Each structure stands twice: as C-alpha cells, then as structure tokens.
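For reference, the structure I am asking about is given below.
The values are calculated or read from the model by the stated rules, or taken from the named source; none is laboratory data. Worth saying up front: this structure is predicted, and the values here are computed from it rather than measured. Positions of Cβ are generated from backbone atoms using ideal geometry, with glycine treated the same way; all protein chains shown enter the neighbour counts. We work out accessible area using only protein heavy atoms, side chains counted, and drop any ligands, DNA or RNA first. Shrake-Rupley method; radii C 1.70, N 1.55, O 1.52, S 1.80 Å.
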Amino acid sequence: MYSAIVFLPLLGFLIAGLFGRRIGDRPSEIVTTALLFVSCFLSWVTFIRVGFNDGHFSAPVLANWMTSGALHVDWALRVDTLTAVMLVVVTTVSSLVHLYSIGYMHEDPARPRFFAYLSLFTFAMLMLVTADNLAQMFFGWEGVGLASYLLIGFWYEKPSANAAAIKAFVVNRVGDFGFALGIFLVFVLTKSISFDAVFAAAPGLAGKSMHIFGADWDAMTLTCLLLFMGAMGKSAQFLLHTWLPDAMEGPTPVSALIHAATMVTAGVFMVARLSPLFEQSETALTVVTIIGATTAFFAATVGLVQNDIKRVIAYSTCSQLGYMFVGLGVGGYSLGIFHLFTHAFFKALLFLGAGSVIHAMHHEQDMRNMGGLAKKIPITFACMTFGTLALTGFPLTAGFFSKDAIIEAAYAAGLHSQAATYAYVLTVVAAGLTSFYSWRLVFMTFFGKPRWAEVNHADSHAVAAAHAHNHDAPSEEESTQEEDAHGHHGHHALDPHESPNTMMVPLYVLSVGAIFAGLVFKDAFIGEGMAEFWRTSLFFGANNHIMHEMEEIPKLAGLLPSLLMVGGFVVAFYFYIVSPETPVRLAARFNPLYKFLLNKWYFDELYDFLFVRPAFWLGRLFWKGGDGAIIDRLGPDGIAARVLDGASWMARLQTGYIYNYAFAMLIGLAAIITWYLVGGVR
C-alpha cells in the first residue's frame, strides 16, 4: 500500500507525459486525477492506521541504491506518524488541485504536459516525506525543485514566467548548497546518513567540536545551521524568500499546490524530522526561532500594500511559514507540524478561491479592478471568507488552534530565552497585520463599488474608438482578437460568473478542513493524546517542557492575538468599507514607508546590486575577455588565423608565371653564393 501511494503519481506522470498527445487531453486529465485520488484514499487509510490505531512503524526496503565504503544507502519508505501526516497533506491538496485544474485549465492547449508536471511534483514530494535517509530525502528535495521550475515556467512564452522559474531555481540552489554540506557533515560525524543510525548517534555528539578554517566550531550547531539553510531556501524564509512572490507567474493551481501545502513546507518537515539533531543545539534552535519570527513579521508588512490578489496570499504563505519555524524553534515540533497541517487546508482554499475569482474576472488579478463580487459569485465569496477566518485565527477555526498555540509557546519559552520573547512580540504584531491584509483582500474584492464595471466601460469605449472608422459592429473574428489581447477573455465580453463544478468541489472540501481540522485533530497533535499519536516520530529532549509550560501562561498573553485579530478586522473595515479614501491619504502622507513596503523592503533591488549585476559583469568578463579575447584570439582561433595568414601569403608566390619562378630561383642562388663567400665553410 505504501508503494502504491508513492508510485501511482509517478505512473500518472509517465502516462500523461509520454502518451498525452496520443491519448488526448481529457484522458490525460482523468488518468492523472484518478490515480491521485486513489493515492489520497490510501494516505488517509495510512494516517488513521498509523496515527490512531496500532501506530505501526514501517520502513520497507525497496532496493539498494548505492554502497561505497562505509556509505550504504537503501531505497526505503519510512512510514511513521509524521510521514502519515505529510502523506495526507500532500495527496489531499494535490488530488483536489488536479480536479480543480480540469476546470481552470480547460482552455490551455498543453493540458497533458501540465497534468504530467503536477503528478511529477507530487511524486517527488512523496519521495521526500517517505525518505528513510538523507540521500533519499535530498533526491525528493531536488525533485520538487525541478518540478516547481517546470510548473512556474509552464507558460514559457511569457518572459516573466521564465524569469520567475529561473529565480526560484537559483535561489533554492543557494539553500540546497547548505543542505548538501549539512548532509556531508552528518556522515562525517556519524558515518551514516540513515535516520535510525544518525538519531541514535545524535546524543553523543552534543558538545563535540570541529576545527574548520582555523577555529573550533560546535559540531551539532554547524551541522544544524547548514541543514536549516536548506530549509530557509525551500520554505522561503527571510533572506531567501525572494523567489516565492514571483512564483505567482505560474498558473493558479500551481500556486495552491507548491506554495500552500507542499513544496514550501518541505523545510518545516525536514527540521521536524531531524528534531533529534536540532535538540542537541540550542544555538541552532535560537536561529530557527529568530528567522521564523522575522519572516512572519516581514512578510505580513509587505502583504499590507500588495494589489495582486495572488501576491497577497503568497506573502501570507511566507508569513505563516515563519510561524511554523517559530513553533519548531522553541521546541514545539508538534506545534509546527500542526500549523502545517491546518494551514494546508485554508491556504489551498484561499489560493483556489483566488483562482475562482480570477476565472470569474476573466484573468484579472488586480484587486483595484474588482469590488462588488459578493453578489456575482456568492459561493466563492463564502469559501474565501471561511479561509480568511481560519487564516486570521477566528475562534474555533483551524488557524485559531494552531497559530495561537505557537504564539503561546513563544511566550512560554520567552521566560528563559530572549529570542523567544522577540518571536512572541513579532508574531503577535504579525497576527494583527495578517487580519488587516486578509480582510482588506476580502473587502476590496467582494465589497464596495464594482470597479470591474468601470473597466468594462473603458474597454467598450476602446473598442468603439478602434472601430470609429466603421459604423458597422466589429466582426466575430475582430471581437475574438480583442478578447485575446486582454488575456483569454476581454473584460467587456462577460460579467463575472461562478466557476464550473470541477473548480467548486475542491473549495467545498477545503472549506470543511479550514473550519474543522483544528477542532477535530487538536488533541491528537498538541493535546493530551499527542504522546500516543506521535510516539517516536518527533523527539523532545529531556529538558524540553514547552508543551506543558505553554498551558500556564497568563490569559492576557493568550488572548492578545485574538484581540489584535479583531483590531485588524476593524481597521480594514473602516479603511475599505466606511472610508475608502483614508488609505489613499495615508499612502500619500507616508509615501516613503508605502513605497518601502510596496517594493518589498527593496530586497530584489539590493540582491540585484550585490549579486545579479556583479555576476553578469563577471560572466561578461570571462566571456568577452577570457573566452573571446584570450582563449579564442590567442588559442585555437588565433592559431588557425595565423596558419590561414601564412597560407595566404605563400599562395601569392604561386603565380603560374615561369619568369617569376626563375627570378625567385636566381634570388635564392644569389643568397646561397653570398652566404658561401662571406661566411662559408672554414
């Protein structure tokens, strides 16, 4: 059964990828989607069996991968409670995204390729979460990186999509370089990369030092920081976050799959899986806490002013990932995974709901051109409201149980850690900011004056002006061309409308998860039953009492996030319903701050100045100066050119006239005689 869960998506990829053109678009969609739903069903069976019944741990060996000296690597599927949770998250979201894509991508001419890429991504993610050793995890890790590159750049005709795909690939390679070095250090220290062997050796490595670059370093701190560097890249944490918003250039189902529940959570899963290592380094956990809190705050501030509906949700994802790392950093590994689990439902719901809005608006993504959609697409509005309630932590929703628990743990850990206090302050502030930008999205999109009507009116005038020379109405072909010029459909063509059932059914399912997932699974993940649920899949050190300490914090500290959540809602309601001119005045009054946030703290410009431009300059230097001027001019091309010059000069002597040859012979004879007479043989 475990093999079927992992390899059914691979089978779908092979069928759609190799035979998609032959069998057609619809069979490719049906085959890949059906296989994903079978994998999803088996994942839920595994989740119930492993997490709630016998808790059986299994790691069946499929084959030997490599053996080189002390290095022995098997292909094995490690299935414990942590794996079962990730299997449910990955296959549930992926299967619903497959179903959703049947409706969303129905006009795209390359649907078999799209569904093949989706299945390939799912297979790589499943290989990552079922890995029984670091090499196998790295295989899945790089696999999702490759698949994300293909999916982000799926519309490769768009230069912006190609640039975003390359950016995601390159930034992730920075993190992956650290991850690879961390794996190497693990092998140096433990002589193994198998999880069981590494975890058994971890306690004995506490306090051990390594001499590198002329200094002594704590071995476990250095190892964990390098491993966390990989998590920072894959999970878009502060400093390595710049690829995530640009990845919105891919189709909306890709945003939901990669940036809601799967790829970006790989770093969170990796840190939780390697909790026995991180428990040996307080410094590494402190860094995880600080980076997570900074990310939560940073992304929330940027989300305040974004106007693209998908980018707002993308920065929300970045911020929520920061919360997960705060939970891990303070030692609450189950807290981070619980938020990962609940976040998958409401964030996938928000992304797919945004896709339904974009579909209704005929591919418009700017919220400034929306408004008044609650009456036009009421079901989508209701679903996105459920997702927003869960994201902001409304009581009894999924986000309320998981996000607020992380904030409470940060407060409890702050009693003996300044880093945790820093995390508590930033996550509480981020909770208020999250509420504001989330409700801002809802109010700008679904309430107020229908600004899309103005766009329709402007488009109609543009069409009329374009055909002013002809009193007749534009032909059907001209109308079609006008629609294509606006991106698949012109705004003037149709009013907003609900999406087809293939797109709406996933929203219904995810809405249920966004509302009830926290309530149903709270006790198992972070409550009284957590020890029996997690068993040995997560490791809590002897001095780690965070799950108990968080229950004893003052009530006000626990209520503060909810109070700020209400405050964020009130401010957003006033700004975008009561007094829509207020945010315009504030943006003008605090223009430098507004531009600072709108330009994402200028990280892209900073990285362009520090890394991109010097890299291009260095590349041009090696290309023009090194390869062109030195190697080619003085090397092979230079030698060939001199040979050609000599041959050309010698060819001039071959005139074909006898008197020229006789004259040359006489000159040669005179030269020989002269040499003989002047300096001849003695």
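Can you sort ARG642, ARG451, ARG21 by 1.4 Å-probe accessible area, starting with the largest?
If we order ARG642, ARG451, ARG21 from most to least accessible, we get ARG21, ARG642, ARG451.
Heavy-atom accessible area of GLU498 with all protein chains present, probe 1.4 Å, nearest 10 Å²?
50 Å²
Further, regarding this structure: Residue by residue, what Karplus-based ³J(HN,Hα) values in Hz, rounded to whole numbers, does segment 144-152 have, using 6.51, -1.76 and 1.60 with θ = phi - 60° and x for Gly and Pro?
With the stated coefficients, segment 144-152 comes to 5, x, 5, 5, 5, 4, 5, 6, 5 Hz.
If the limit is 25 Å between Cα atoms, which of LYS403/LYS555; LYS375/LYS522; LYS167/LYS310; LYS310/LYS403 go over it?
LYS375/LYS522
Would you work out the relative contact order for segment 302-421, in percent, from Cα pairs under 8 angstrom that are 6 or more residues apart?
RCO, segment 302-421: 29 percent.
Please report, as a whole percent, how much of the solvent-accessible surface of segment 543-671 comes from carbon and sulfur atoms (probe radius 1.4 Å).
72 percent
With unit charges on the beta carbons (Lys and Arg positive, Asp and Glu negative) and the dipole taken about the Cα centre of the chain, which residue among ALA63, PRO614, ALA651 sits farthest to the positive side?
ALA651
For the pair LEU396 and SER648, how long in nm is the line joining their label points, each one 7 Å along Cα→Cβ?
9.0 nm
Using a 1.4 angstrom probe on the protein heavy atoms only, could you order GLU605, GLU528 from most to least accessible area?
Sorted descending by solvent-accessible area, the residues read GLU528, GLU605.
Let me ask another. What base-10 log of the normalised intensity I(q)/I(0) is obtained for the chain from the Debye formula, alpha carbons as equal point scatterers, at q = 0.06, 0.08, 0.12 Å⁻¹?
These q points yield log10 I(q)/I(0) values of -0.40, -0.64, -1.33.
Translational diffusion coefficient of segment 274-385 at 37 °C, 0.692 mPa s, Stokes-Einstein with Kirkwood Rh over Cα pairs, in µm²/s as a whole number.
211 µm²/s
Using the Cα centre as the reference, give the magnitude of the dipole from point charges on the C-beta atoms of the chain (Lys, Arg: +1; Asp, Glu: -1; all else neutral), rounded to the nearest 20 debye.
Around 1100 debye, computed over the chain.
Could you work out the mean projected area of the convex hull around the alpha carbons of segment 68-191, in square nanometres to one decimal?
With the hull built on Cα positions only, its mean projection is 9.1 nm².
On a 0 to 90 degree scale, rounded to 10, what angle separates helix 555-573 from the longest Cα axis of the chain?
With rounding to tens, the tilt is 70 degrees.
Another question, if that's okay. Give me the orientation-averaged projected area of the Cα convex hull of segment 119-208, in nm², one decimal.
Averaged projected hull area, Cα only: 6.4 nm².
Note down the Stokes-Einstein diffusion coefficient of segment 392-434 in µm²/s, whole number, using a Kirkwood radius over alpha carbon pairs, 10 °C, and 1.306 mPa s.
Rounded, D is 152 µm²/s.
Can you give the accessible area per residue of the chain, in Å², using a 1.4 Å probe?
43 Å²
For PHE616 and ASP108 in one chain, what is 0.36 nm times their gap in residues minus the Cα-Cα distance, to one decimal in nm?
Taking PHE616 through ASP108 to full extension adds about 179.4 nm, to one decimal.
Here's something else I'd like to know. Return the lysines within reach of LYS376: Cα separation strictly under 17 angstrom, same-chain partners fewer than 8 residues apart disregarded; answer none if there are no such residues.
Straight-distance partners of LYS376: LYS449.
Using alpha-carbon positions, what is the distance between the centroids of segment 69-121 and segment 555-582, in Å?
38 Å
Under 24 Å between alpha carbons, and skipping anything fewer than 8 positions from LYS208 in its own chain: which lysines qualify?
List returned: LYS191.
Could I ask something else about it? From the residues TYR424, THR388, GLY353, which one has its Cα farthest along the dipole of segment 344-433 in the positive direction, the dipole being from +1 and -1 charges on Cβ of Lys/Arg and Asp/Glu about the Cα centre?
GLY353
Provide the three semi-axes, in whole Å and in decreasing order, of the ellipsoid equivalent to segment 524-629 as defined by the square roots of 5 times the Cα gyration tensor eigenvalues.
Listed largest to smallest, the semi-axes of segment 524-629 are 46, 35, 11 Å.
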